[in-house]
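The values are calculated or read from the model by the stated rules, or taken from the named source; none is laboratory data. Computed from a prediction, not measured in an experiment: that's the story for all the values here. We place every Cβ from the backbone using ideal geometry, glycine too, and count neighbours over all the protein chains shown.
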């Protein structure tokens, strides 16, 4: 597909103007969040999905009990609750899809969300750990990735809720749930910090043996277009392509591929017709790519001693390490309670305990720290 000089210039300016709004990744997160929440229903206090969120902030962690359930029950509106809680607006990921709720059973309320999916195709820390790029069909049968690990706030702040959810991701409870769903024996969980090198630390730090830091990713990808401009540009490119979408309808990761095709088409159309605009466009896309950050990369082998050999296809038989039982859910929660109790008591002693539920809406968008 080739655009005229006039059309290519119009498209280039649209994309340049959009991406020029973001000097930092948190600028981008806040814009995307505002775009996503403005169409969500507004709830009165104690009503809507908020009524199902944990608010018993006078409860000591030692009194808490938890259950982990796959999102199959209409009792909780998972997607709306996650959108109202998460700083980063979750997009659909390709491949496997597992949505999990973590429930505090005394109050029967949600304390957090876990969304798992197929691992990223390529990752430098993972490749370093395995000694090279793995055979992906073998690797993907055994590995799962955490895309959203999000505590209700201020449950996360008051009780180290992020560490609880991350540890639960590494538990045999989760492993058995996904084993049953996909009829495989999983032996690797991986995830990344959300904010990368914007923050010097991650909630996943200090979580050995459950999670171990394996290095930083190499992030060099263009920010994803927001919903409104994406729909506008997709429609425009389809019209210019004689009514045919520029990526076929059955393609996976369609939004990413359509955006990539848009940018590539503008570049190729400008390269021989307007060198000045071509260079301006390339520089703007390079700058927008630079807004993304390196992310801290973490892994869990679920207490297996030979997970690496299984992931590399050297054997199919998993062997338990000496600490295998530490990954049982009750032991994970016991580990968390020690740290959560210390944190909770400290917040009370310093008069820093937060008692107001924090959810994203148009009124709170500039009151809540997007990097939290």
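Between residues in segment 52-65 that are closer than 13 Å to residue 336 by Cα and in the same structural domain as residue 107 (by TED's automatic domain parsing) and residues that are modelled with pLDDT of 95 or more and part of a strand (DSSP E or B), which pairs lie under 6 Å by C-beta distance while being six or more apart or on different chains?
64/104
Would you confirm whether any residue within segment 41-56 is crowded, with 17+ Cβ neighbours inside 10 Å, at pLDDT below 85 and either assigned to a helix (DSSP H, G or I) or in contact with a helix residue (DSSP H, G or I) (Cβ under 9 Å, 6 or more places away or on another chain) (or both)?
yes
Among the numbered criteria (1) farther than 28 Å from residue 207 by Cα; (2) surrounded by fewer than 12 Cβ atoms within 10 Å (Cβ to Cβ); (3) modelled with pLDDT of 95 or more, which one does residue 362 miss?
(3)
So how many residues does segment 238-257 have that are free of Cβ contacts under 8 Å to residues at least 60 places away in the same chain and either out of contact with any helix residue (DSSP H, G or I) (no Cβ under 6 Å at 6 or more places or on another chain) or surrounded by fewer than 15 Cβ atoms within 10 Å (Cβ to Cβ) (or both)?
Number of matching residues: 12.
Do we find a residue being at pLDDT below 95, buried (at least 16 other Cβ atoms within 10 Å of the Cβ), touching a helix residue (DSSP H, G or I) at 6+ places or on another chain (Cβ under 6 Å) and under 30 Å from residue 317 (Cβ atoms) anywhere in segment 278-295?
No, there is no match, as no residue in segment 278-295 is at pLDDT below 95, buried (at least 16 other Cβ atoms within 10 Å of the Cβ), touching a helix residue (DSSP H, G or I) at 6+ places or on another chain (Cβ under 6 Å) and under 30 Å from residue 317 (Cβ atoms).
Listed here are the residues, each with its yes/no results for (1) over 24 Å from residue 188 (Cα atoms); (2) modelled with pLDDT under 95.
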| residue | (1), (2) |
| --- | --- |
| 60 | yes, no |
| 66 | no, no |
| 95 | no, yes |
| 99 | no, yes |
| 106 | yes, no |
| 119 | no, yes |
| 123 | no, yes |
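Can you say whether residue 171 is crowded, with 22+ Cβ neighbours inside 10 Å, closer than 25 Å to residue 336 by Cβ and modelled with pLDDT under 95, as far as the supplied structure shows? Even if it seems obvious, please write down each step before you answer.
Details: crowded, with 22+ Cβ neighbours inside 10 Å: yes; closer than 25 Å to residue 336 by Cβ: yes; modelled with pLDDT under 95: no.
Judged against the criteria, residue 171 is not a match.
Return yes when residue 152 is touching a strand residue (DSSP E or B) at 6+ places or on another chain (Cβ under 9 Å), surrounded by 22 or more Cβ atoms within 10 Å (Cβ to Cβ) and assigned by TED's automatic domain parsing to the domain that holds residue 203 and no when it is not. Give the steps one after another, and end with the answer.
Numbers: touching a strand residue (DSSP E or B) at 6+ places or on another chain (Cβ under 9 Å): yes; surrounded by 22 or more Cβ atoms within 10 Å (Cβ to Cβ): yes; assigned by TED's automatic domain parsing to the domain that holds residue 203: yes.
Yes, satisfied.
Looking only at segment 309-334, count how many residues are within 25 Å of the chain's Cα centre (by Cα) and surrounded by fewer than 17 Cβ atoms within 10 Å (Cβ to Cβ). Break it down into steps so the answer makes sense when it comes.
Going residue by residue through segment 309-334, those that are within 25 Å of the chain's Cα centre (by Cα) are 311, 327-329, 332-333.
Still in the running and surrounded by fewer than 17 Cβ atoms within 10 Å (Cβ to Cβ): 328.
So the count comes out to 1.
Just checking, which of 155, 139, 88, 113 is over 30 Å from residue 27 (Cβ atoms) and in contact with a helix residue (DSSP H, G or I) (Cβ under 7 Å, 6 or more places away or on another chain)? Break it down stepwise before answering.
On the way: 155 fails: over 30 Å from residue 27 (Cβ atoms); 88 fails: over 30 Å from residue 27 (Cβ atoms); 113 fails: over 30 Å from residue 27 (Cβ atoms).
On inspection, the qualifying residue turns out to be 139.
Return only the number of the condition from (1) in contact (Cβ under 8 Å) with a residue 60 or more places away in the chain; (2) out of contact with any helix residue (DSSP H, G or I) (no Cβ under 6 Å at 6 or more places or on another chain); (3) buried (at least 19 other Cβ atoms within 10 Å of the Cβ); (4) not assigned by TED's automatic domain parsing to the domain that holds residue 193 that residue 268 does not satisfy.
Result: residue 268 passes all but (3).
For the list (1) in contact with a helix residue (DSSP H, G or I) (Cβ under 7 Å, 6 or more places away or on another chain); (2) modelled with pLDDT of 95 or more, I need the number of the one condition that residue 357 fails.
Going through (1) in contact with a helix residue (DSSP H, G or I) (Cβ under 7 Å, 6 or more places away or on another chain); (2) modelled with pLDDT of 95 or more one by one, residue 357 breaks only (2).
Among the helices (runs of 4 or more DSSP H) lying completely within segment 148-263, list those that include at least 2 residues that are within 19 Å of the chain's Cα centre (by Cα). Steps first, answer last, please.
Details: elements: 155-159, 161-169, 172-182, 227-240.
So the answer is 155-159, 161-169, 172-182.
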